[in-house]
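See below for the structure under consideration.
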Amino acid sequence: MNPKIDLLRAKANSLVEKPGVYLMKDKQNNIIYIGKAKRLKLRVVSYFRQNKGHTEKVRKMVSHVDDFDVIVTDSEFEALVLECSLIKQYNPKYNILLKDGKGYHYIKVTDEPFPRITAAKQKLDDKATYIGPYTSTYSVKQSVEEVNKIFSLPTCTRKFPEEFRKERPCLNYHIKNCSGICMGKTSQKEYQKTIKEAMDFLRHGSSDSIARLTQQMEEAAENLEFEKAAKLRDRLNAIKRLSLTQKVLLDTEKDQDFIGIEQMNEKACIAILKFRGGRLHDKDDYFFEEHEDKEELLSEFITQYYHQGTEIPKTISLSIPFPDAELYQEYLTKIAGHKITITIPQKGEQKRLVEMAENNALEELSRKTHKKSKEIIALQELSKLLGLSNVPEYIESYDISNLGNDNMVAGMVVFENARPLKSNYKKFSMKDNLTQDDYACMREVLTRRFQRYLSPEEKDEGFKRLPDLILLDGGKGHVSAVTPAVRALGIQVPIFGMVKDSRHKTRAIAMDGGEIQISTFQSAFRLVTQIQDEVHRFSITYQRKKHQKNTFTLELTSVKGIGEKKAFALLKKYKTKKAMKEASLEELKETAKINDETAARLYEVIQNF
C-alpha cells in the first residue's frame, strides 16, 4: 500500500467539484497518469479510498503516486481536449500508448519478360515497377491477391519463357485462377498488355476497370472479335464476383470505421476495420494488458487513436456503447474539421460489419493469449450466464462415486482456459463419511481440499492454486450443502452445480436457490457438458480401480500368513495381477518377507488368479 495514501486522500478531499484534468506523479515528479473528470473531487478521491475495488492496473498506479496536480476547466469538453493534448505531450506510463509500428509496403511488378505482381516490404533498385507506398500490409496483400485472380496471372515459382511446356499446368489453371502461361500459348506482347491492364486496375480501382472493360468488350463484339470479347467478359465477371465476396457497405460511397473490442479478464484487443469508398481498405489491431473496463478502455482508445493524426471518417461505428459518447463525438468533430457521427448499429449490414470487427479482435486476442477463439467465447458466455465478475480461466469440478457404502471416492478435475489440465486432477477417498451420503461426502471433499490450500506447508501446486469457479456434479442440494462449509474457511470462490436430465445429459446450472437454463448458450453448454462428462469419467474410473484393488487385496489376504500389510507390499511392487504372476517364488518371498511354506501357498494362489 502507498504510505502516503492518507495525505493524498486528504488533498483530494480539498478539491473542487468542477470539471478538470488530474495529473498523477511519482517520487521523481514524473507524470505517470493523466485523466479527466466531470467532478474532480469525487474522481480523484476514489483512487485513494481504502478497500476500493480497483483493477490491478489502477492499484499499481496508485501504489506509485507521490503527488498529483489538477487543472480546472470550464466544461467537461475542455477537460477532454486538454486530457488528450497532455497525454500526447507526456506519454504517461499508465495511460494506453498507441505506437505506430507500421512501415511502408508496395505492390511490385517484376522486370522480366513475363512479369509477376507481388507484395513487397521495401523498394529495391532492381528495375521493377513499384506501386505505392501503402501503410497497410493487409490492403497490399488483398490487392495483390485480387488482381492475380481477376487477370488470371501466375503465382507459381516457374520461370518464363525458360520453363514453357516443361510441366503440366498446376491446380490454379484447372480451377481457372491462372490462364496457363506455362503452356506457352500466350505471347509476350499479349501478356504484357494484360499486365498493363492489371496495373491500371490497381491504380484506379474496380469501378474504372469495369467501365473500361465493358467498353472494350462491346467494341470487340461489334468487330466480330468474339474470342477477345469472351475473355473480356470473363474478366468482368471475375471483378463482379470478387465484389460480391467483399464485405462492402450498402452505401458504396461511404467512408466509415467499424471498431470491435473483445476482452479476456485483464487482456483486451481492439480491431478497426476501415472502409474507404465502400470497400474494406485497411485493418488495425491493438492489444492491451491490465484493462478490466471495456467502456473506459474504448473511450480512451478512441481519443488517442484519432488524436495521433489518423484520418477520421464521417461515421464511426462501435460494438458497445460507452458513457458520454456525445462528448467524444463533439471532440472528434472539432479535430476532424467535419461532422463526426458515432453509432452503435443494432441490425442489418452495419451490425454485421461491427460483428466482423469484434471477430477480428477475438481472433487477435486468441492469438496473443494462445487460446482458441471458441474457448474464449465459451468462457465469456459462462461468465455472463453465471454473473461472474471475471472470466473463469481456472475451473475445478467434483463428483462423488460409490458402490453402496463401499469404496466411497471423489474425483476432482481441472479445466484451465477451457482445456483439461490433467496434471492437477485429484482423487479423494472418504475418511469421515463411510455411508452413502453424497452431500456429506461432497462437503468433506471440498473441506479437505481448501484446508490444504490454506495450509502454509502445502507443496502440491494443484492444491496451492485457488480456482475461479467450482462446478459440482449435482443439483442445488449439493450447492447448499457445500457452500457454508467452504465459506466458513474464508473461501469466496463461486460454487454452482451441473444438473443432468433423465438421460444423464447436462440440462442446467444449479445455484443455491434455483437453476439457470444453459442450453441456449451453445459454447458454454458444450464446455459445461465436457466438464461434467470428464469429472464423471475420472471419478468412476477411480472408484472401479479401487474396487478391483480391494478385491485383489481380499484374494491375497485369504492366503494363510498374508495380512493387509504384506498384501499392500505386494500390490505396491507389482501393481497388477499379470506382474505378480510373472514374479518368481523367491521374489514373492522377499517382497512379502514370508517363510518358504507361506510363499509356496501364496505362489499357488497367484498362479490360479
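Just so you know, all these numbers are worked out from the coordinates, no wet-lab data involved. Please read these numbers as outputs of a predicted model, since none were measured by experiment. Here the Cβ positions follow ideal geometry from the backbone for every residue, glycine too, while neighbour counts run over all protein chains shown.
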* To do: Evaluate the distance, in nm, between pseudo-label points positioned 7 Å from the Cα of residue 164 and of residue 10 along their respective Cα→Cβ axes.
  => 9.2 nm
* Asked: With a Cα-only, solvent-free Debye model of the stretch 1-128, what are the log10 I(q)/I(0) values at q = 0.10, 0.19 Å⁻¹?
  -> -0.46, -1.05
* Asked: How large are Rg and Dmax for the stretch 384-546 when only the alpha carbon atoms are used, in Å?
  -> 14.8, 44
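What size of dipole, in debye to the nearest 20, comes out for the stretch 384-546 about its Cα centre when the only charges are +1 on Lys and Arg C-beta atoms and -1 on Asp and Glu C-beta atoms? Walk me through the numbers before you get to the answer.
Numbers: 24 positive and 20 negative charges, 70 e Å.
In debye, rounded to 20, the stretch 384-546 gives about 340.
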* Asked: Any idea how far apart residue 67 and residue 157 come out in nm if each label point goes 7 Å out from Cα toward Cβ?
  -> 6.5 nm
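Around residue 463, under 10 Å between beta carbons, what's the net of Lys plus Arg minus Asp minus Glu among the other residues?
Once positives and negatives cancel, what remains is +4.
D for the stretch 374-444, whole µm²/s, Stokes-Einstein with Kirkwood Rh over alpha-carbon pairs at 10 °C and 1.306 mPa s: what number?
Details: Rh = 13.8 Å.
Translational diffusion coefficient: 115 µm²/s.
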* To do: Can you list which of the GluC sites (Glu not before Pro) found in the stretch 418-516 are DSSP loop residues with at most 15 other C-beta atoms within 10 Å?
  => 457, 458
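If R₀ is 41 angstrom, what is the calculated FRET efficiency for the pair residue 137 and residue 227, using the beta carbon separation as r and rounding to 0.05? Show your work: numbers first, answer last.
Numbers: r = 39 Å, r/R0 = 0.94.
The value I calculate is 0.60.
Counting Lys and Arg as +1 and Asp and Glu as -1, each charge on the Cβ, what is the dipole of the chain about the Cα centre in debye, to the nearest 20? Numbers along the way, then the final one.
Details: 101 positive and 87 negative charges, 294 e Å.
For the chain, the charge dipole is close to 1420 debye.
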* **Sparse-neighbour loop sites [trypsin sites (Lys or Arg not before Pro); the stretch 414-460; at most 13 other C-beta within 10 Å; DSSP]** => 431, 459
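Could you size up the charge dipole of the stretch 289-362 around its Cα centre, putting +1 on the beta carbon of Lys and Arg and -1 on that of Asp and Glu, and report it in debye to the nearest 20?
Values: 7 positive and 14 negative charges, 126 e Å.
So the dipole magnitude of the stretch 289-362 works out to roughly 600 debye.
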* Working out 0.36 nm times the residue gap between residue 171 and residue 427, then minus their Cα-Cα distance, what length gain in nm do you get to one decimal? -> 86.6 nm
* MRE, 222 nm, helices only [DSSP H, n ≥ 4, -39500 (n - 2.57), over the chain, to nearest 500] -> -14500 deg cm²/dmol
* For the stretch 365-523, with the dipole built from +1 on Lys and Arg beta-carbon atoms and -1 on Asp and Glu ones, taken about the Cα centre, which of 472, 523, 482 lies farthest toward the positive end? -> 523
* To do: Let me know the Rg and Dmax you get for the chain when you use only its Cα atoms, in Å.
  => 34.8, 112
* To do: Arrange the following residues from fewest to most other Cβ atoms within 10 Å of their Cβ: 6, 125.
  => 125, 6
* Rg followed by Dmax, in Å, when the stretch 558-607 is reduced to its Cα trace -> 9.4, 24
* Sparsely packed GluC sites (Glu not before Pro) within the stretch 144-182, loop by DSSP, other Cβ within 10 Å at most 12 -> 162, 167
* To do: Mind checking which of 341, 329, 376 is farthest towards the positive end of the chain's charge dipole, using Cβ charges of +1 (Lys, Arg) and -1 (Asp, Glu) about the Cα centre?
  => 376
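Between residue 520 and residue 367, how high is the FRET efficiency from 1/(1 + (r/R0)^6) when r is the Cβ-Cβ distance and R₀ = 22 Å? Nearest 0.05. Working shown, then result.
Details: r = 29 Å, r/R0 = 1.30.
That gives a FRET efficiency of 0.15.
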* Give me the lysines in straight-line cross-link reach of residue 27: C-alpha distance below 19 Å, same-chain residues under 8 apart excluded. => 4, 11, 57, 60, 93
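Anything over 22 Å Cα to Cα? Flag those among 422/565; 314/334; 274/374; 274/314; 422/573; 36/384, in the order listed.
Values: 422/565 31 Å; 314/334 12 Å; 274/374 25 Å; 274/314 12 Å; 422/573 25 Å; 36/384 30 Å.
Result: 422/565; 274/374; 422/573; 36/384 exceed 22 Å.
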